[in-house]
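Here's the structure we're looking at; comments come further down.
The values are calculated or read from the model by the stated rules, or taken from the named source; none is laboratory data. Source: prediction; values computed, not measured. Backbone-built Cβ (ideal geometry, glycine too); neighbour counts: all protein chains shown.
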Amino acid sequence: MSKIIGRCIGETSLVEVSFISKEMPQVGEYVSLKYDNKNVLGMIESLVRGSVSINDEIFDPKTIEKIKEIEGDDHYIRGSVRILGDISDNLRIPRTPAPPGTEIIPASQDDLQKIFQKENSLSLGTLISQENVEVKVDLEKMFSRHMAILAMTGAGKSNTVAIVVDGMLQYNGCVVIFDMHSEYNINFNNGKSKVISPEINPLYMSFSEIKRLARISESAFIQERYFFEAYKIAMAEMRNGDTQNKGFIRNMKEVLEAWDSGKKEFRGQNVEGATQIVDVINKIGDLERRYNSIINTNAGNILSKLELGKANIIDLGSVDESAAEVIVSHILRNALQNNKKWLKMGNDGGDLPLAHPVFFVLEEAHILAPNNRSTKSKLWISRIAREGRKFGLGLCLVSQSPKSIDPDSLSQANNMIILRLVEPKDQRHVQSASESLSEDLVKQLPSLNVGEAVVLGLMTKIPALVKIHEHKNKEFGQDLAVIEMWKKTTEDTKKKYEDEKEDIMNLGGDY
């Protein structure tokens, strides 16, 4: 016979019951309520411990001591249980509430294993409350309904990403990680990493992407007109093979310099010495200095470099935020356009660079899809979030600052893995974006340990508090051992000084 955790008290509802107990269960523990021929599953979401005698109207510690001498450690536990559904009826919410006094007992391990065991699944970890129950999530729904991995710094985001990526590689999936800090060049259990340099052929770039790199303001209409005309001429020359190895940016600059010097006319007009042309020439010079390594006329379509069964790492650690935004928007835009054509053409894909689904992982999502400003990457992240599932494109937003993420994009992530979050604004922002995150679960977020997470959404039948598996590679996302580094630097400096001193003494001895 199962032990009784407690009994329902007060008014009960279809979605929640309160209970009283003498023994302390755990928040996140699954329980069972059996009534009206039902076996109803619930989760303990909140707990408080109190005493009838030692209440908050006592103001003298000596009085408390006397009460404890008489009553000992007599106290009660009160909590709330969130109703998850009738186990015997495919987890449908029952139409009648539990009677007051109904026993609350631990859910059976067999029932929980049946709920969390799925085909085509990805193993995330084990239940915090019952470590022998493995938590597997529906990989198809994770992919098609998008996901967010959210946590404060150091709570285990990178480890969680690695577990998710490894799970997809198990099915020979194609995963693309936009790596903002060059930390994912590791071998996974089920596949290898493929680091891809952030090089873009301007032939595949849009005018707005080039303009963003050149920092031509949206309000600088005359500059944009000169820039656009030079862009068209340079693009035509590149398509005709007339670049003469000068490069796309250099070609644009030469066109503008010819207008500035009066050697050529701009649309039939002499614009020699125009201030706006000089400004554009300076901006293109800055573009060449900053991004010449990114814009490569010899590079192919970057989508053709993506491989099945590998973690394709777009290494953005060496570029600034402007370039990262452009590269992300470029890849997402081309992937969406490519996959629309692919599904229309059929499975062979013809000459398209991609002919299979892709799962995109966006580190630092609050930079790429910010809440308070417009960026090209934000535009295409939002497009993929809304349309991607229809065209075989999945999305995972990863961030330590959820409050800074575009709420429209975040609300499209119907699956969430939320590790420790302390900042109240972050908590509220996440809760507003998720229908499944209750107030009681939000209150648990600050108390999660490293690697523990609230897992919810369409990829799992019921919300779960999970201890995420620890990935075998522990190099990414680690803090620097600064004290050890200081010590080593001091020792190296001292040794260098001693060596130099010895060399000087040896020189002196020769005289």
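So which residues in segment 19-37 are assigned to a strand (DSSP E or B), of a type in the set (Gly, Ala, Ser) and closer than 22 Å to residue 436 by Cβ, if there are any at all?
Answer for segment 19-37, where residues must be assigned to a strand (DSSP E or B), of a type in the set (Gly, Ala, Ser) and closer than 22 Å to residue 436 by Cβ: just 32.
Among the residues that make up segment 157-167, is at least one of them touching a helix residue (DSSP H, G or I) at 6+ places or on another chain (Cβ under 8 Å), modelled with pLDDT of 90 or more and not in a helix (DSSP H, G or I)?
No, there is no match, as no residue in segment 157-167 is touching a helix residue (DSSP H, G or I) at 6+ places or on another chain (Cβ under 8 Å), modelled with pLDDT of 90 or more and not in a helix (DSSP H, G or I).
Within segment 210-223, can you find the residues that are closer than 20 Å to residue 289 by Cα, touching an Asp or Glu at 6+ places or on another chain (Cβ under 9 Å) and surrounded by 15 or more Cβ atoms within 10 Å (Cβ to Cβ)?
Once the filter is applied, which keeps residues that are closer than 20 Å to residue 289 by Cα, touching an Asp or Glu at 6+ places or on another chain (Cβ under 9 Å) and surrounded by 15 or more Cβ atoms within 10 Å (Cβ to Cβ), segment 210-223 yields 211, 212, 214, 216, 223.
For segment 6-18, how many residues are β-branched (Val, Ile, Thr) and either exposed (fewer than 11 other Cβ atoms within 10 Å of the Cβ) or not in a strand (DSSP E or B) (or both)?
Summing the residues that are β-branched (Val, Ile, Thr) and either exposed (fewer than 11 other Cβ atoms within 10 Å of the Cβ) or not in a strand (DSSP E or B) (or both) in segment 6-18 gives 2.
Take the residues of segment 173-201 that are among the acidic types (Asp, Glu) and assigned to a loop (DSSP other than H, G, I, E, B): which is surrounded by the fewest Cβ atoms within 10 Å (Cβ to Cβ)?
199
Does segment 32-52 contain any residue that is surrounded by 14 or more Cβ atoms within 10 Å (Cβ to Cβ) and in contact with a His (Cβ under 6 Å, 6 or more places away or on another chain)?
There is at least one residue in segment 32-52 that is surrounded by 14 or more Cβ atoms within 10 Å (Cβ to Cβ) and in contact with a His (Cβ under 6 Å, 6 or more places away or on another chain).
Only one of these conditions is not met by residue 467: (1) at pLDDT 95 or above; (2) within 17 Å of residue 369 (Cα to Cα). Which number is it?
Status for residue 467: all satisfied but (2).
Might you check whether a residue that is within 28 Å of the chain's Cα centre (by Cα) and surrounded by fewer than 16 Cβ atoms within 10 Å (Cβ to Cβ) occurs anywhere in segment 270-293?
yes
Looking only at segment 364-405, filter to residues that are under 13 Å from the mean Cα position of the chain (by Cα), part of a loop (DSSP other than H, G, I, E, B) and not polar (S, T, N, Q); which one of those is farthest from residue 173 (Cα to Cα)?
Among those that are under 13 Å from the mean Cα position of the chain (by Cα), part of a loop (DSSP other than H, G, I, E, B) and not polar (S, T, N, Q), it is 369.
Only residues that are surrounded by 13 or more Cβ atoms within 10 Å (Cβ to Cβ), outside any helix (DSSP H, G or I), modelled with pLDDT under 90 and more than 16 Å from the chain's Cα centre (by Cα): list them for segment 427-448, please.
Across segment 427-448, the qualifying residues are 436, 437, 438.
Tally up the residues in segment 343-383 that are farther than 18 Å from residue 181 by Cβ, out of contact with any Pro (no Cβ under 8 Å at 6 or more places or on another chain) and either in contact (Cβ under 8 Å) with a residue 24 or more places away in the chain or not assigned by TED's automatic domain parsing to the domain that holds residue 139 (or both), please.
15
Filter segment 406-426 down to the residues that are part of a loop (DSSP other than H, G, I, E, B), farther than 23 Å from residue 328 by Cα and in contact with a strand residue (DSSP E or B) (Cβ under 9 Å, 6 or more places away or on another chain) and list them by number.
419, 420, 421
Going through segment 296-323 one residue at a time, which ones are touching a Pro at 6+ places or on another chain (Cβ under 9 Å) and crowded, with 22+ Cβ neighbours inside 10 Å?
Residues satisfying the conditions are 302, 314, 316.
Name the single residue, out of those in segment 61-100 being hydroxyl-bearing (Ser, Thr, Tyr) and either in contact (Cβ under 8 Å) with a residue 40 or more places away in the chain or buried (at least 17 other Cβ atoms within 10 Å of the Cβ) (or both), that is nearest to residue 31 (Cα to Cα).
80
Mind checking which residues of segment 38-60 are without any contact (Cβ under 8 Å) to a residue 40 or more places away in the chain and part of a strand (DSSP E or B)?
Result: 44, 47, 48, 49, 50.
Against the condition within 24 Å of residue 136 (Cβ to Cβ) and free of Cβ contacts under 8 Å to residues at least 24 places away in the same chain, how does residue 484 come out, does it pass?
So residue 484 does not fit the description; no.
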